[in-house]
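What follows is a single structure, written as structure tokens, with notes after it.
The values are calculated or read from the model by the stated rules, or taken from the named source; none is laboratory data. These numbers were taken from a predicted model, which means no experiment stands behind them. Here the Cβ positions follow ideal geometry from the backbone for every residue, glycine too, while neighbour counts run over all protein chains shown.
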Amino acid sequence: MCATALFGATATLSACGDGRSEAPVNAPGPVPEPSGEGQVVLPAKDLPVKSRAQVAAKDPSGADVGVLLYRQDEQTVLAYSNICTHQGCAVGVKSPAKTDFYCACHGSHFDPLDGTATEGPAKGALTRFACTIEQGNILVYVPAEG
Ligand code: FES
């Protein structure tokens with residue numbers, strides 16, 4: 001259902017109640033498949049199982065990208081953009097909880113297992129990156145829009 005309001009002789013404002021929202025989604029996105037060239041960001045031995053790290057990578061244009069890592073098990077590392085879904089500050093690994101990702105700007109916490117926001121004003125999950133372990137190194141695949 002749509003509503004239209006008229007303001008003066010020239011302005012018209014319309015709004016449609018279709019249930020859609022521009023709000024960020026706080027659901028874990030699918031783990032992306034590796035594509036393109038992976039970047040070595042850390043030796044795998046430097047990220048023990050159940051630990052977190054913040055590393056630097058580049059997007060295809062050469063711009064710096066902050067990446068958060070979580071070593072789920074011996075074979076699996078999960079990677080996320082460090083851009084907070086609240087207002088864009090850098091999310092890091094220094095957290096009062098000591099087990100999650102944390103944005104110090106306004107106190108949002110994110111689950112390292114899927115990137116979802118768990119506490120604070122952020123309402124959307126962190127963007128996921130593909131990540132692999134090859135020849136003892138952790139590789140991250142940052143897409144063009146990452
Ligand atoms: S920008 Fe991260 S909590 Fe506000």
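Scan region 61-71 for residues that are on the phi < 0 side of the Ramachandran plot and surrounded by fewer than 13 Cβ atoms within 10 Å (Cβ to Cβ) and report the count.
3
Pick from region 72-107 the residues that are small (Gly, Ala, Ser) and part of a loop (DSSP other than H, G, I, E, B): which of them is farthest from the ligand (Cβ to nearest atom)?
Ala97
Exactly one of (1) closer than 20 Å to Pro24 by Cα; (2) at pLDDT below 95; (3) surrounded by fewer than 17 Cβ atoms within 10 Å (Cβ to Cβ) is unmet by Gly146. Its number?
(3)
Starting from region 18-31, take each residue that is modelled with pLDDT of 55 or more and list its partners that are of a type in the set (D, E, K, R) and not in a loop (DSSP other than H, G, I, E, B), counting only C-beta distances under 9 angstrom and pairs at least six apart or across chains.
Pro28/Arg128; Gly29/Arg128; Pro30/Arg128; Val31/Arg128
Tally the residues that are assigned to a strand (DSSP E or B) and within 17 Å of Leu126 (Cα to Cα), restricting the search to region 39-63.
Adding up the residues that qualify gives 6.
With respect to Gly115, is the statement that it is touching a residue at least 12 places away in the same chain (Cβ under 8 Å), away from the ligand (no atom under 13 Å from the Cβ), assigned to a loop (DSSP other than H, G, I, E, B) and among the small types (Gly, Ala, Ser) true?
yes
Can you tell me which residue is farthest from Asp114 (Cα to Cα) among those in region 27-60 that are within 17 Å of the chain's Cα centre (by Cα), small (Gly, Ala, Ser) and crowded, with 16+ Cβ neighbours inside 10 Å?
Going through the qualifying residues, I end up with Ala57.
Yes or no: Leu78 surrounded by 14 or more Cβ atoms within 10 Å (Cβ to Cβ), hydrophobic (A, V, I, L, M, F, W, C), under 17 Å from Gly38 (Cα atoms) and touching a residue at least 60 places away in the same chain (Cβ under 8 Å)?
Against the criterion (surrounded by 14 or more Cβ atoms within 10 Å (Cβ to Cβ), hydrophobic (A, V, I, L, M, F, W, C), under 17 Å from Gly38 (Cα atoms) and touching a residue at least 60 places away in the same chain (Cβ under 8 Å)), Leu78 does not qualify.
Quick one: Gly88 ticks every box in (1) touching a residue at least 12 places away in the same chain (Cβ under 8 Å); (2) surrounded by fewer than 14 Cβ atoms within 10 Å (Cβ to Cβ) bar one, so which box is it?
Among (1) touching a residue at least 12 places away in the same chain (Cβ under 8 Å); (2) surrounded by fewer than 14 Cβ atoms within 10 Å (Cβ to Cβ), the lone unmet condition for Gly88 is (1).
Considering (1) free of Cβ contacts under 8 Å to residues at least 12 places away in the same chain; (2) among the small types (Gly, Ala, Ser); (3) more than 14 Å from the ligand (Cβ to nearest atom), say which one Gly136 fails and leave the rest.
Status for Gly136: all satisfied but (1).
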